[in-house]
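Read-outs: derived from the displayed coordinates by stated rules, not from any lab. Here the structure is a predicted model, which means the values were calculated and not measured. Reconstructed Cβ throughout: ideal geometry from the backbone, glycine too, with neighbour counts over all protein chains shown.
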Amino acid sequence: MAILAGVPRGHKHVRFVLETSSGRIVLQEATVAALVRAYVSIKTHPARRAIELRQRKGKWKEGYAEFQLLETNRDETEISEVLLEILKEESYGSASK
């Protein structure tokens with residue numbers, strides 16, 4: 001796997017390209033920012049274990065993308081169970097604690 005990150009010529013925002021043996025995934029800066037917020041929220045909170053983000057369309061402040069990834073109120077336990085099932089299905093091995 002390789003990850004490319006940068007601001008392409010003619011663009012204002014960072015783009016990320018994840019190159020895998022299965023293909024490429026391109027991530028927008030706003031998506032990565034939402035992922036980082038979720039990561040920091042889980043890692044720094046004493047009890048929080050999972051977060052779900054969903055795409056929402058709206059009229060935000062100027063300069064913000066029309067679509068944003070926003071946190072839902074889905075139960076953390078349910079999210080954790082779904083994550084575990086996906087990891088089992090994808091054969092990533094046993095989940096680390």
Legend entry - Helix 76-89 vs. the chain, principal-axis angle (Cα, 0 to 90°, nearest 10): 90
Inset, instruction - Please state, rounded to one decimal and in Å, the Kirkwood hydrodynamic radius that the chain gives when every pair of distinct Cα atoms enters the mean of 1/r. - result: 15.8
Inset, instruction - For a footprinting-style exposure proxy, rank LYS61, LYS88, LYS12 by other Cβ within 10 Å, fewest first. - result: LYS61, LYS12, LYS88
Legend entry - segment 16-97: GluC sites (Glu not before Pro) in DSSP loop, at most 14 other beta carbons within 10 Å: GLU62, GLU66, GLU90
Inset, instruction - Name all residues of segment 65-86 having a backbone nitrogen under 12 Å from the label point set 7 Å from the Cα of ARG49 along its Cα→Cβ direction, giving them as ranges. - result: 76-84
Inset, instruction - For each of ILE51, ILE42, count neighbouring Cβ atoms within 10 Å of the residue's Cβ, then give the residues from fewest to most. - result: ILE42, ILE51
Inset, instruction - Grab the Cα-Cα distance for ALA5 and ALA65, subtract it from 0.36 nm times how many residues apart they are, and report the gain in nm with one decimal. - result: 19.7 nm
Inset, instruction - Along Cα→Cβ, 7 Å out, is where each label goes; now give me the distance between the ones at VAL14 and GLU85 in nm to one decimal. - result: 3.4
Inset, instruction - Taking the Cα centre of segment 2-89 as origin, work out the dipole magnitude from +1 charges on Lys and Arg Cβ and -1 charges on Asp and Glu Cβ, in debye rounded to 20. - result: 480
